[in-house]
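Heads up: the structure comes next, in structure tokens.
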Ligand code: SPD
């Protein structure tokens, strides 16, 4: 009996030591271990074959998660438990993350492919010197519409969206800055307006749009518009390019009043556990051939001038999706408006959505 007890105690001790050692190794290597790389990106925003190619080249196993808005991403990253190695936020969100100490500075010596980025997309005000971020895709926010479904009508102004003939025909992208921005732009206010009265006025203007709004959705808007479930959409340019690829009856316009030009970039969060692998992945995505493959798959505009050589002219010379500086310089980049305004924009957007119910 004594022997049985001794054996039981010994087995218990061995098991305990094994569990302890494994836990220590795991915590030293990060949650997933040194042979993995966790990526947090927008939905439909990478060619899966490139992830496989990166895994083969690096020997790392990629764990991939997606989000549908900067706001959703920011909430998750601010939560201490997340251990993403690479994240792909937009301009104002990068500035906010930087300000909150959520990012680590990039080691440019590990990113030789950065030289392929068009200088027009480097050193932008939200991250001067690209200390924390390197460009991934860029684009605009605009109107996609199907003229056939609108009796031959053409749209070129935000004001057109309020026309009675568009009843139940509009799909809006489910994102606070974009929808509140639609209200602001239509009233002639800045997309970075922080005047509470202007913002309330923008919300009231949006409430008047409700009879024309069929849905407020994320990535499924591409399928709905391509399948002619609705005639008009408030969409990001790259999604418009993909929809038009599927259904050439649609067209995309940058409204005459102006709009938002945005830049999505790769960053490494402070809580990353595989910083070397993160640099390796960023450099892999900056490779001109890889960037061209990704651009063809995703539909968005690449800031990589090396990649342009691998892309067909019908893509790179389409001014709807590759507008020159003479157009983009007149558009607005979202600014980081601070915590209070960030919450207020979100609140106005949620209230607007509640009005539809
Ligand atoms: N489905 C991918 C969508 C990526 C769009 N990013 C645009 C951000 C604008 N602030």
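Quick note: the coordinates plus some simple rules give every number you see, no bench work behind them. Only a predicted model underlies this, so the values are computations on that prediction, with no experimental measurement involved. When we count neighbours, we look across all protein chains shown, and the Cβ atoms used for this are built from the backbone with ideal geometry, even at glycine.
Worth a mention:
- Cα gyration tensor, the chain - rounded (a/c under 1.5), prolate or oblate: prolate
- Figure legend: label point modelled 7 angstrom from the Cα of residue 131 along Cα→Cβ; residues of the range 309-344 with amide N under 20 Å from it are 335-339.
- Working ranking of peptides 294-302, 59-67 by packing, defined as the average number of other Cβ atoms within 10 Å per residue, highest first, is 294-302, 59-67.
- For the range 163-219 versus the range 78-157, the gap between their alpha-carbon centres in whole angstrom: 23 Å
- Distance between modelled label sites at residue 327 and residue 309, nm, 7 Å Cα→Cβ extension: 2.6 nm
- Antiparallel bridge percentage (DSSP; both residues within the chain; nearest 5): 55 percent
- Value of relative contact order over the range 235-357, rounded to a whole percent, pairs C-alpha under 8 Å and six or more apart: 31 percent
- If you plug the beta carbon distance of residue 63 and residue 340 into 1/(1 + (r/R0)^6) with R0 = 35 Å, you get a FRET efficiency near 0.50.
- Ranked by the mean number of other Cβ atoms within 10 Å of their residues, highest first, the peptides 210-218, 310-318 fall in the order 210-218, 310-318.
- Residue 228-residue 109 FRET efficiency (beta carbon distance; Förster radius 56 Å; 0.05 resolution): 0.65
- Taking each DSSP H run with n ≥ 4 as -39500 (n - 2.57) and averaging over every residue of the chain yields -12500 deg cm²/dmol at 222 nm.
- Spin-label pair residue 79/residue 164, simplified geometry with 7 Å Cα→Cβ offset, distance in nm: 4.7 nm
- With both labels modelled 7 Å from their Cα along Cα-to-Cβ, the residue 197 to residue 354 distance reads 2.5 nm.
- Cβ-Cβ FRET estimate between residue 52 and residue 147, R0 fixed at 51 Å, reported to 0.05: 0.80
- Helix 48-58 axis, angle to the chain major axis (alpha carbon atoms, nearest 10°): 30 degrees
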